[in-house]
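Encoded as structure tokens, the structure appears first; notes follow it.
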Amino acid sequence: MTPRALVIGGGGMLGHQVWRALDARFETRAAVREWRPAFGRVGPRAREQAIEGVDARRFDTVERALAEFRPHFVVNAAGVVKQAAAATDPIASIEVNALFPHRMAAACEAVGAKLAHVSTDCVFSGRKGRYTETDEPDPIDLYGRTKLLGEPGGGALTLRTSIVGRELDTAHGLVEWFLSNRGGRVRGFSRAVFSGLSTGVLAVLIADILERRPDLSGLHHVAAERIDKHALLTLLNEAYGAGVEIEPDDDVVIDRSLDGRAFAAATGFRAPPWAEMIEAMAAEDAAYAGARA
């Protein structure tokens, strides 16, 4: 029997990539609030795989999806991201980022499903950098605080990281913002450092873990090599031929890089170089035809 996998927030920047990665290995469904035509870019079976009417703020809709599909694995890719308008709403942020993952963990435990939850490097202030799992979190904004509160324990797997990637029909993240400035001029913060992954790489990693290491649980830092925002924008500029003039700016000083050595030792994971991740992202550009590009 092919295991069943459910992704919550399947239409988001990370969620749609997780949807694709899971679909290559499992019988997969994606929980979404409503069907949107852009979801068809996920794959030819996307329409039939979507479970509509699922809202993290109405947990009965989530329970319905669990009861109907009976997944072996659940990936929580839902969240109020800090760039979204709702990020200033403490009620929405608390409900979705802080409370929902714990409700999800309890529901998964009740039905015997494995939960993989994605957290963020924003649980740290960025004053130090190279954070390990044993460093004390010190979030400085609502997003970081609610994401920290939402990290479930028990048998759930929680991956702290940060991501860059394309979006199907929204424009909340760095890549869509950058590509909207084709031929223009932007600032690139040369002292703003992080160590995340492309959404495609993280999605495949999650699918790998669920397939090969379903016993893995607890909190883990997942990281690539450290990179500053100016260097990242330069790679995007080259890969997409965006023709953007990137002005170096050293005014913003922050280092939210994570130390991923413990996770690498436990799993053997080695992140691809940043240039490789960005080139692979650009190579998928046809899937975003009609998106903001």
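If you add up the charges near G43, with Lys and Arg at +1 and Asp and Glu at -1, over every other residue whose beta carbon is less than 10 angstrom from its beta carbon, what do you get?
That sum, taken over residues with Cβ under 10 Å, equals +3.
What does the charge dipole of the stretch 41-99 about its Cα centre add up to, to the nearest 20 debye, if the Cβ of each Lys and Arg holds +1 and the Cβ of each Asp and Glu holds -1?
Numbers: 8 positive and 8 negative charges, 53 e Å.
It works out to roughly 260 debye.
Which Cα, out of Y143, F73, T88, lies furthest along the positive dipole direction of the chain (beta carbon charges, K/R +1, D/E -1)?
Farthest along the dipole direction, towards plus: F73.
How are the C-alpha pair distances of the stretch 39-82 spread across 5 Å bins, as whole percents from the shortest bin up?
Going from the shortest bin to the longest, the percentages are 5, 17, 22, 28, 20, 7, 1.
Quick check: from the Cα gyration tensor, does the stretch 236-293 come out rounded (a/c under 1.5), prolate or oblate? Don't jump to the answer; show the numbers that get you there.
On the way: a/c = 2.83, a/b = 1.30, b/c = 2.18.
Note, shape of the stretch 236-293 comes out oblate.
Pick out the long, greasy-scoring helices in the chain: whole DSSP H runs spanning 20 Å or more along their own axis by Cα, mean Kyte-Doolittle at least 1.6.
What comes out of the filter, once short or polar helices are dropped, is none.
Using Cα-Cα distances under 8 Å and only pairs 6 or more residues apart, what relative contact order does the chain have, in percent?
Across the chain, relative contact order equals 19 percent.
Work out Dmax and Rg for the stretch 125-195 from the C-alpha atoms and quote the Rg first, both in angstrom.
Values for the stretch 125-195 (Cα only, Rg and Dmax): 15.6, 49 Å.
With n ≥ 4 as the cut-off for DSSP H runs, can you work out [θ] at 222 nm for the chain, using -39500 (n - 2.57) per run divided by the number of residues, rounded to the nearest 500?
Helix-only estimate at 222 nm: -9500 deg cm²/dmol.
Round to the nearest 0.05 the FRET efficiency obtained for N181 and S125 when R0 = 41 Å and r is the Cβ-Cβ distance.
0.90
Tell me, what ³J(HN,Hα) does each residue in the stretch 177-182 have, in order and in whole Hz, if you take phi through Karplus 6.51 cos²θ - 1.76 cosθ + 1.60 with θ = phi - 60° and put x for Gly and Pro?
Karplus values, whole Hz, x for Gly and Pro: 4, 5, 5, 6, 9, 3.
Taking the alpha-carbon distance from K114 and a cut-off under 22 Å, which lysines remain once sequence neighbours fewer than 8 residues away in the same chain are dropped?
K147
Looking only at GluC sites (Glu not before Pro) in DSSP loops with at most 11 other Cβ atoms within 10 Å, what is the longest site-free stretch of the chain?
35-224
About its Cα centre, how strong a charge dipole does the chain have in debye, to the nearest 20, once Lys and Arg get +1 and Asp and Glu get -1 at the Cβ?
The dipole magnitude comes to about 440 debye.
Quick one: Debye curve from the alpha-carbon atoms of the stretch 84-137 only, equal weights, vacuum; give me log10 I(q)/I(0) at q = 0.24, 0.25, 0.30, 0.31 Å⁻¹ to two decimals.
The calculated log intensity ratios at q = 0.24, 0.25, 0.30, 0.31 Å⁻¹ are -0.99, -1.00, -1.08, -1.11.
Given R₀ = 22 Å, FRET efficiency for H172-T2 by Cβ-Cβ distance, to 0.05?
Efficiency computed from Cβ-Cβ geometry: 0.10.
Taking the number of other C-beta atoms within 10 Å as the exposure measure, put S119, S125 in order starting with the fewest. Working shown, then result.
Details: S119 26, S125 16.
If I rank by nearby Cβ atoms, fewest first, I get S125, S119.
Would you work out the relative contact order for the stretch 1-83, in percent, from Cα pairs under 8 angstrom that are 6 or more residues apart?
For the stretch 1-83, the relative contact order is 39 percent.
If amide hydrogens are placed 1.01 Å from N in the peptide plane, which non-local residues have theirs closer than 5 Å to the one on I51?
Answer set, sorted by chain and number: A30, A31, V32.
Find the eigenvalues of the gyration tensor of the Cα atoms of the stretch 1-134, then list the square roots of 5 times those eigenvalues as equivalent ellipsoid semi-axes, largest first, in whole angstrom.
Whole-Å semi-axes of the equivalent ellipsoid: 25, 17, 16.
Could you give the alpha-carbon Rg of the stretch 204-269 over 2.2 N^0.38 Å, rounded to two decimals?
1.54
Would you look at the GNM of the chain, springs on alpha carbons closer than 10 Å, and say which of G183, G218, G11 moves the most?
Its mean-square fluctuation being the largest, the pick is G183.
Pairs of alpha-carbon atoms within less than 8 angstrom and 6+ residues apart define the contacts here; what relative contact order does the stretch 47-190 have, in percent?
22
In terms of modelled amide H atoms, which long-range or inter-chain residues lie less than 5 Å from the amide H of K114?
F73, V74
In nm, to one decimal, how far is the modelled label at A67 from the one at D250, with both set 7 Å along Cα→Cβ?
The answer from the label model is 6.1 nm.
Once fully extended, how much extra length lies between R47 and A280, figured as 0.36 nm per residue of separation less the alpha-carbon to alpha-carbon distance?
Residue separation times 0.36 nm, minus the Cα-Cα distance, leaves 81.3 nm.
Modelling each spin label as a point 7 Å along the Cα-to-Cβ direction, I'd like the E133/R270 distance in nm, to one decimal.
It works out to 2.1 nm between the two label points.
Set the Förster radius R0 to 41 Å, insert the Cβ-Cβ distance between E27 and A262 as r into 1/(1 + (r/R0)^6), and round the FRET efficiency to 0.05.
Given R0 = 41 Å and the Cβ-Cβ separation, E is 0.80.
Counting Lys and Arg as +1 and Asp and Glu as -1, what is the net charge of the other residues whose Cβ lies under 9 Å from the Cβ of S125?
Around S125, the charge tally is +2.
What trypsin sites (Lys or Arg not before Pro) in the stretch 19-91 are in a loop by DSSP, with at most 15 other Cβ atoms within 10 Å of the Cβ?
Hits after loop and neighbour filter: R45, R57.
Read-outs: derived from the displayed coordinates by stated rules, not from any lab. Keep in mind that this is a model prediction, so the values were computed, not measured. Backbone-built Cβ (ideal geometry, glycine too); neighbour counts: all protein chains shown.
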